[in-house]
Amino acid sequence: MNFGFFFQDTINQYKLEYNANGGLLAGGTPAGDHNYDTTITLPTSQTKTGHTFSYFIKNGTIINTASFNLPASDTTLKAIWTIRQYRLDYTLN
(Lines give C-alpha, C1' and ligand atoms only; values in the text may rest on other atoms or scores of the structure.)
Protein backbone atom coordinates (compact mmCIF):
# COMPACT_ATOMS: atom_id res chain seq x y z
CA MET A 1 0.00 0.00 0.00
CA ASN A 2 1.39 3.42 -1.00
CA PHE A 3 0.51 6.66 0.70
CA GLY A 4 1.29 10.10 -0.66
CA PHE A 5 1.28 13.34 1.18
CA PHE A 6 0.70 16.72 -0.33
CA PHE A 7 1.59 19.83 1.60
CA GLN A 8 0.70 23.27 0.34
CA ASP A 9 1.76 26.36 2.21
CA THR A 10 0.59 29.87 1.43
CA ILE A 11 2.51 33.05 1.98
CA ASN A 12 0.84 35.50 4.32
CA GLN A 13 -0.14 38.82 2.86
CA TYR A 14 0.03 42.16 4.64
CA LYS A 15 -1.37 45.57 3.82
CA LEU A 16 0.89 48.37 2.61
CA GLU A 17 -0.48 51.89 2.96
CA TYR A 18 0.89 55.36 2.32
CA ASN A 19 0.11 58.53 4.27
CA ALA A 20 1.09 61.35 1.93
CA ASN A 21 0.64 63.82 4.80
CA GLY A 22 -0.96 66.44 2.55
CA GLY A 23 1.25 65.77 -0.46
CA LEU A 24 1.12 63.62 -3.57
CA LEU A 25 3.09 60.40 -4.03
CA ALA A 26 3.64 58.54 -7.31
CA GLY A 27 5.69 55.63 -8.58
CA GLY A 28 7.00 52.73 -6.54
CA THR A 29 5.04 49.78 -5.20
CA PRO A 30 1.31 50.51 -5.08
CA ALA A 31 -0.61 50.39 -1.81
CA GLY A 32 -2.54 47.18 -1.19
CA ASP A 33 -2.00 43.61 -0.06
CA HIS A 34 1.44 42.13 -0.74
CA ASN A 35 3.20 38.90 0.16
CA TYR A 36 5.39 38.80 3.25
CA ASP A 37 9.03 39.71 2.51
CA THR A 38 8.18 41.27 -0.86
CA THR A 39 10.58 44.04 -1.87
CA ILE A 40 8.69 47.33 -1.55
CA THR A 41 9.98 50.18 -3.71
CA LEU A 42 9.24 53.61 -2.27
CA PRO A 43 7.41 56.24 -4.33
CA THR A 44 9.81 57.97 -6.71
CA SER A 45 7.90 61.23 -7.02
CA GLN A 46 6.85 63.26 -3.99
CA THR A 47 5.30 66.71 -4.22
CA LYS A 48 3.64 69.13 -1.81
CA THR A 49 3.21 72.83 -2.54
CA GLY A 50 5.58 74.96 -0.48
CA HIS A 51 7.41 71.93 0.90
CA THR A 52 10.39 69.70 0.16
CA PHE A 53 10.14 65.96 0.69
CA SER A 54 12.41 64.82 3.54
CA TYR A 55 11.89 61.07 4.09
CA PHE A 56 9.39 58.33 4.96
CA ILE A 57 8.84 56.91 8.41
CA LYS A 58 7.61 53.40 9.19
CA ASN A 59 6.52 52.65 12.75
CA GLY A 60 8.52 55.65 13.99
CA THR A 61 11.69 54.61 12.12
CA ILE A 62 13.16 56.69 9.29
CA ILE A 63 13.40 54.81 5.99
CA ASN A 64 16.45 56.13 4.16
CA THR A 65 16.70 53.49 1.44
CA ALA A 66 14.87 53.23 -1.89
CA SER A 67 13.28 49.91 -0.89
CA PHE A 68 12.71 47.51 1.99
CA ASN A 69 11.20 44.06 2.52
CA LEU A 70 7.62 43.94 3.78
CA PRO A 71 7.53 42.72 7.40
CA ALA A 72 5.02 40.28 8.85
CA SER A 73 2.57 43.05 9.74
CA ASP A 74 0.45 45.71 8.08
CA THR A 75 2.67 48.70 7.28
CA THR A 76 1.96 52.39 6.79
CA LEU A 77 4.62 54.70 5.37
CA LYS A 78 4.22 58.37 6.26
CA ALA A 79 5.80 61.13 4.18
CA ILE A 80 7.65 63.80 6.13
CA TRP A 81 7.99 67.25 4.59
CA THR A 82 10.07 70.35 5.33
CA ILE A 83 8.51 73.76 4.79
CA ARG A 84 10.37 75.79 2.20
CA GLN A 85 11.51 79.10 3.54
CA TYR A 86 11.91 82.14 1.38
CA ARG A 87 13.68 85.38 2.05
CA LEU A 88 11.92 88.55 1.10
CA ASP A 89 13.91 91.76 0.90
CA TYR A 90 12.34 95.11 0.18
CA THR A 91 13.54 98.67 0.15
CA LEU A 92 11.48 101.60 1.39
CA ASN A 93 11.67 104.66 -0.83
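The values are calculated or read from the model by the stated rules, or taken from the named source; none is laboratory data. For clarity, every value in this text was computed on a predicted model and none was experimentally measured. Virtual Cβ from ideal backbone geometry, glycine too; neighbours counted across all protein chains shown. For the accessible areas, the whole protein counts, side chains as well, though only heavy atoms, and no ligand, DNA or RNA atoms are used. Shrake-Rupley method; radii C 1.70, N 1.55, O 1.52, S 1.80 Å.
Couple of notes before you dig in:
- Relative to the globular-protein estimate of 2.2 N^0.38 Å, the Cα radius of gyration of the chain stands at 1.72.
- Counting only heavy atoms of the protein chains and using a 1.4 Å probe, I83 has close to 120 Å² of accessible surface.
- Toward the positive end of the charge dipole of the chain, with +1 on the Cβ of Lys and Arg and -1 on the Cβ of Asp and Glu, the farthest Cα among I83, I57, Q8 is that of I83.
- For the chain: relative contact order, % (alpha-carbon pairs under 8 angstrom, 6 or more apart): 31
- Cα centroid of region 1-53 to Cα centroid of region 58-79, whole Å: 10
- Surface composition of the chain: carbon plus sulfur atoms contribute 51% of the solvent-accessible area (1.4 Å probe, protein chains only, all chains present).
- In region 47-93, the chymotrypsin sites (Phe, Trp or Tyr not before Pro) that fall in loop regions by DSSP, at most 12 other Cβ within 10 Å: Y86, Y90
- In plain terms, the C-alpha convex hull of region 17-66 casts an average shadow of 3.8 nm² when viewed from every direction.
- Look at the alpha carbon pairs under 8 Å that are at least 6 residues apart: their mean separation over the length of region 7-51 gives a relative contact order of 42 percent.
- Computed about the Cα centre, the dipole magnitude for the chain is approximately 440 debye when only Lys and Arg (+1) and Asp and Glu (-1) carry charge, each at its Cβ.
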